[in-house]
1. Only one of these conditions is not met by GLY367: (1) within 28 Å of the chain's Cα centre (by Cα); (2) at positive phi; (3) of a type in the set (Gly, Ala, Ser). Which number is it?
2. If you check ARG170 against the conditions, is it assigned by TED's automatic domain parsing to the domain that holds GLY204, at pLDDT below 95 and basic (Lys, Arg)?
3. Quick one: is PRO349 at pLDDT 95 or above and buried (at least 16 other Cβ atoms within 10 Å of the Cβ)?
4. Which condition breaks for MET314 when tested against (1) over 20 Å from the mean Cα position of the chain (by Cα); (2) buried (at least 24 other Cβ atoms within 10 Å of the Cβ); (3) not in a helix (DSSP H, G or I)?
5. Taking helices (runs of 4 or more DSSP H) that fall entirely within the range 150-248, which contain at least 2 residues that are among the β-branched types (Val, Ile, Thr)?
6. Anything in the range 257-280 that is outside any loop (DSSP other than H, G, I, E, B) and over 17 Å from LEU322 (Cβ atoms)? List them, or say none.
7. For the range 18-113, which fully contained helices (runs of 4 or more DSSP H) count at least 2 residues that are buried (at least 21 other Cβ atoms within 10 Å of the Cβ)?
Amino acid sequence: MERPLTQNIDRGREPLGLKAYEAAGGYQAVRKVLTEMTPEQVTKAVKDSGLRGRGGAGFPTGLKWSFVPMGDDAPHPKYLVCNADEMEPGTFKDRVLLEGDPHLMVESMIVAGYAMGADVGYIFLRWAYRLADRRLRAAIAEATAAGYLGDNILGSGYSLTLHVHVSAGRYICGEETALLNSLEGRRATPRAKPPFPQVSGLWGKPTIVQNVETLCNVPHVINRGADWFRGLSRTEEGGTKLYGVSGRVKNPGCWELPMGTPIREIVEEHAGGMQDGLKLRGLLPGGASTDFLVEEHFDTPMDYTSIQAAGSRMGTGTMILLDDGNCPVGMALNMQNFFARESCGWCTPCRDGLPWIEKLLQAIENGDGHADDLDLLDAHARDLGPGNTFCALAPGAMEPLHSGLKFFRQDFERHIAGKGCPWS
C-alpha cells in the first residue's frame, strides 16, 4: 500500500533535513514545474487528479485555483495561505505532517504558489504547535539557502517568499476569511462573500487558502500523475487520506489509508477495536462539527460522497467515538461548551444561541431538566442551522446536537426523568 504523504515520517527520529529530503525525491516537483510546466498545466494536473480539500469542505482543489486571476493584467501581490490552525476538536492529522515532514510542506507551498502566481506565502500555524513551528522555520531556512525560495528560484524567473505566522488561537480562524482578517492584524471575524478570497482576499489581493493535507498531496500529483493519484483510492475520489480515531479504542492514532476505507476497518483493524468490555454506540466521522453515525453506518466508505449520503460529513476524516460506557448528553455538553466559547460573537444566533444551548444541556446533565427542554433544543438546532448565521460555526455545532437528539433521545429523556446522569 502506497503512503505518499507519510512515506518520509518516522516518529522515532528527527524529520528529514534538506539533503535527506532531496535524496528521497524531494523538490523534484519544484524542478519539474519550473522547467517543464506552465502554471495552467499545474492547475490542470491537480484538477484531473480529483484532489478535494482535506480541511473539511471537500471542495475540488484545482477548481478553486482556477478562480484566481492570471495573466499580465492580474493584480499583485498574490498570496498563498496554508491553514495550519487545526483547532477542530478531535483533529490532529495536519500536526503529523507539519512535525514529521516539514520540507514536504515547504515544497507544496512552492508548487501551489507557482500554479497561481503567488508572490508571498504564509503558513498560518496553530499557536500550540511549537515543535512544528521550529521545524518549519528550519526547513524554510534550508530551502531558502538552497535557492528553492526567494528571488528567481533556480533561475526560473519565479519568486516566492514564505513565512510562518503563529495564530492567536481561536477556532474561528479555521474559517478562511476570519483567518485572513487575523493575518492582517484585525479581529478574527468572517467576511461577507462575495467577493471570494481568490479574487479579493488578503489585503484585497487574490488569495488561495488551503489546508495542510490538501497542499501536501500536490507534489506527489505532479511527480506521479493524475491517474496514479486516482488509482490510490478505493472510490471515485482520488488519493489517500489521513484518518484519525480518538476515543476508548485500543490503539488511538492517525493512519494514511486509501480514500474510501470503510469506518469499520479503520476502527477495528487500525485502531485495534474497542477496549475490553466496551461497545461502540456511535461516532462523529470528521471532528466535533459533524453528525453522529451509528451501527447501521459502520460499513460506509470514508469518502466525501458516501459519508454525505449516510447523513453526515467526512470533515477532516478524524473520528471521535462514543462507547456505551460514556454519556451522550455529557459528550454533547462538552462540545457545545467548546463551540459557545469559540464563537466570534459576530452574529446574534451564534453569540447568544450557543450559550443558551450550553445552559440547557448543563441543566439536563445536572438533573434540572424539563420535558420541554428537548423541544427547545430541537428548535435551536434548526434555528442555528445552515443559512441562519453569518458563517458555518454554529451550523457545524448543531450537527452533533441535532443527530445526538435523533439517535440518543432516550438517553436525554432518562436524564430528565431520573433527575440526573445515569453514568455519574
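The values are calculated or read from the model by the stated rules, or taken from the named source; none is laboratory data. Just so it is clear, the model here is predicted, and its values are computed rather than measured. Every residue, glycine as well, gets a Cβ built from its backbone with ideal geometry; the counts of neighbours run over all protein chains shown.
1. (1)
2. Yes, satisfied.
3. no
4. Every condition holds for MET314 apart from (1).
5. Details: elements: 176-183, 212-224, 226-231.
Here the list reads 212-224.
6. Passing the criteria: LEU257, PRO258, PRO262, GLU265, GLU269, HIS270.
7. Because the criterion is at least 2 residues that are buried (at least 21 other Cβ atoms within 10 Å of the Cβ), the helices (runs of 4 or more DSSP H) in the range 18-113 that meet it are 28-36, 39-49, 61-66, 93-100.
Listed here are the residues, each with its yes/no results for (1) out of contact with any helix residue (DSSP H, G or I) (no Cβ under 8 Å at 6 or more places or on another chain); (2) under 24 Å from PRO285 (Cα atoms).
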{"residue": "GLU14", "(1), (2)": "yes, no"}
{"residue": "GLY25", "(1), (2)": "no, no"}
{"residue": "ASP48", "(1), (2)": "no, no"}
{"residue": "ASP72", "(1), (2)": "yes, no"}
{"residue": "ALA84", "(1), (2)": "no, yes"}
